[in-house]
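**Student:** Take this structure first; my questions come after.
Every number in this text was worked out from the coordinates using simple rules, so none of it is lab data. Keep in mind that this is a model prediction, so the values were computed, not measured. As a convention, Cβ positions derive from the backbone with ideal geometry for all residues, glycine included, and neighbour counts pool all protein chains shown.
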Amino acid sequence: MSGVEIRDLSVAYTSRAGYRVAPFEGFSASCADGELGILLGPSGSGKTTLLSCLAGLLRPASGTITAAGREVTALTGRALDGYRRTGVGVVFQAFNLIPSLSARENVAVPLRLAGRSWREAEARADALLDEVGLADRRGHRPGELSGGQQQRVAIARALVHDPPVILADEPTAHLDYISVEEVLLLIRRLAAPGRVVLVATHDERFNPLADRVIELRPLGAAGETEPFTRELRAGEVLFEQGDPADHVYVVEAGAVEVYRPRPGGGDDVLATLGPGRHFGEIGPLLKLPRTASIR
């Protein structure tokens, strides 16, 4: 029996600025056998972090994940390797195809790594490419395929071991509108008895196709934490451009600089804020990562 159950999941790490970031604290969700589940949320809401935990690539601080009857968070050693190899298939945002190999060879590679013969691996690859509508493109390399075709090759590769769990990270991010429709319908078809599909996305076009929508948002985005005081040394960085947005700040004493690093080195100082000035409200309000750095 397939299906995914997440219970009381907590993940935490320390940012480059030295403060604690917790994408999840006590998070719970589930997706039943045969369902297409959508992890919907903006950048910084923890979608990719959650997929990494589901794929067995990241171990949470606490909580449990059960996938297809196996407690993923309890697996170690060979059992964890086995789950990563045959228990879950991952579809990446950037396709991650090997440029020098044909579509057939890209799909066959995981089977060859598992010790299957080339004849057996290519037969399975041909069957899967036919399933995703690319039988006539099996001999083409990634550079000869459109973005939508490359994503379909990536989906075929994720299916080689017929895993009970399929995870897709922003699978429509780099596609034109025609290719998006093809991939949406293909992913919808993958969710069937014996398999659960979870898609991390901010693309709301998935919503009408989903059996379940799991909405994620950054912690602290809606006043979920009590006020606190943070003291900074001269030149100390509070947060950097691109960091998840957690709090809104008010300068009580001293001053802070708002800046952005230049690509070639150095910084552009955008503003200097003294006592009574506030900053950092855009990220939590709009659920966006930090658009500038503060020191």
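**Student:** Sort out which residues of region 162-188 are crowded, with 17+ Cβ neighbours inside 10 Å and under 23 Å from Arg70 (Cα atoms), and write them in order of number.
**Tutor:** Those that are crowded, with 17+ Cβ neighbours inside 10 Å and under 23 Å from Arg70 (Cα atoms): Pro163, Pro164, Val165, Ile166, Leu167, Ala168, Asp169.
**Student:** Looking for whichever is of a type in the set (Gly, Ala, Ser), assigned to a loop (DSSP other than H, G, I, E, B) and closer than 18 Å to Phe95 by Cβ here; the options are Ala173, Ala192. Which one fits?
**Tutor:** Checking each option against the conditions leaves just Ala173.
**Student:** When you scan region 278-288, do you find a residue that is touching a residue at least 12 places away in the same chain (Cβ under 8 Å), among the charged types (D, E, K, R) and within 19 Å of Ala234 (Cα to Cα), even just one?
**Tutor:** There is no residue in region 278-288 that is touching a residue at least 12 places away in the same chain (Cβ under 8 Å), among the charged types (D, E, K, R) and within 19 Å of Ala234 (Cα to Cα).
**Student:** Answer yes if at least one residue in region 170-177 is under 24 Å from the mean Cα position of the chain (by Cα) and more than 26 Å from Ser52 (Cα to Cα), and no otherwise.
**Tutor:** Yes, because at least one residue in region 170-177 is under 24 Å from the mean Cα position of the chain (by Cα) and more than 26 Å from Ser52 (Cα to Cα).
**Student:** Does Gly242 satisfy being surrounded by fewer than 10 Cβ atoms within 10 Å (Cβ to Cβ), touching a Lys or Arg at 6+ places or on another chain (Cβ under 8 Å) and of a type outside the set (Phe, Trp, Tyr)?
**Tutor:** For Gly242, the condition - surrounded by fewer than 10 Cβ atoms within 10 Å (Cβ to Cβ), touching a Lys or Arg at 6+ places or on another chain (Cβ under 8 Å) and of a type outside the set (Phe, Trp, Tyr) - is not met.
So that you can scan it fast, the table gives a plain yes or no per residue for (1) in contact with a Phe, Trp or Tyr (Cβ under 9 Å, 6 or more places away or on another chain); (2) in a loop (DSSP other than H, G, I, E, B); (3) exposed (fewer than 15 other Cβ atoms within 10 Å of the Cβ); (4) touching a residue at least 24 places away in the same chain (Cβ under 8 Å):
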{"position": "Thr73", "(1), (2), (3), (4)": "no, no, no, no"}
{"position": "Gly82", "(1), (2), (3), (4)": "no, no, yes, no"}
{"position": "Thr86", "(1), (2), (3), (4)": "no, no, no, yes"}
{"position": "Ala94", "(1), (2), (3), (4)": "no, yes, yes, yes"}
{"position": "Ala125", "(1), (2), (3), (4)": "no, no, no, yes"}
{"position": "Leu128", "(1), (2), (3), (4)": "no, no, no, yes"}
{"position": "Ala156", "(1), (2), (3), (4)": "no, no, no, yes"}
